[in-house]
Amino acid sequence: MEELNQAFKDYIEAYKELDIPAKRKEIIDATKELIVVFEQLAAKDQIPLEYLRSREINDINGAETTEDDFLEAELVYLEVAKNMIGQYLDKKM
């Protein structure tokens, strides 16, 4: 566990050195990775999941991403993740 803790500390220190657009991308990517974990969990247990949809995530694909665009997209991704784990747990129990 100590190695994992050190790797996590190093990751956070490296994150602190990023500029704002790179930090935004890292946060979105980490949230997407969480969604993939839920997808894999459900697939392993053969549990179909339905996905929430929102156009707000399209706003972060442009060159000029505003803070509002980022926050709205991150909220959408988090809500998708919450909904997916809820569906998984409902069907698992």
Glu33 being open to solvent by less than 40 Å² (accessible area, probe 1.4 Å), under 14 Å from the mean Cα position of the chain (by Cα) and of a type in the set (Asp, Glu): no
Pair list, Cβ < 9 Å and 6+ apart or interchain, from segment 26-39 residues that are within 12 Å of Phe70 (Cα to Cα) to residues that are at pLDDT 95 or above and open to solvent by 60 Å² or more (accessible area, probe 1.4 Å): Glu26/Leu18
Filter result (surrounded by 14 or more Cβ atoms within 10 Å (Cβ to Cβ), farther than 25 Å from Pro21 by Cα and hydroxyl-bearing (Ser, Thr, Tyr)) within segment 36-93: Tyr88
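The values are calculated or read from the model by the stated rules, or taken from the named source; none is laboratory data. Nothing here was measured: the structure is a model prediction, and the numbers come from that model. Because the Cβ atoms are built from the backbone with ideal geometry, glycine has one as well, and the counts that use them run over all protein chains shown. The protein model used for the area step is the full one, side chains on, heavy atoms only, and it has no ligands, DNA or RNA in it. Shrake-Rupley method; radii C 1.70, N 1.55, O 1.52, S 1.80 Å.
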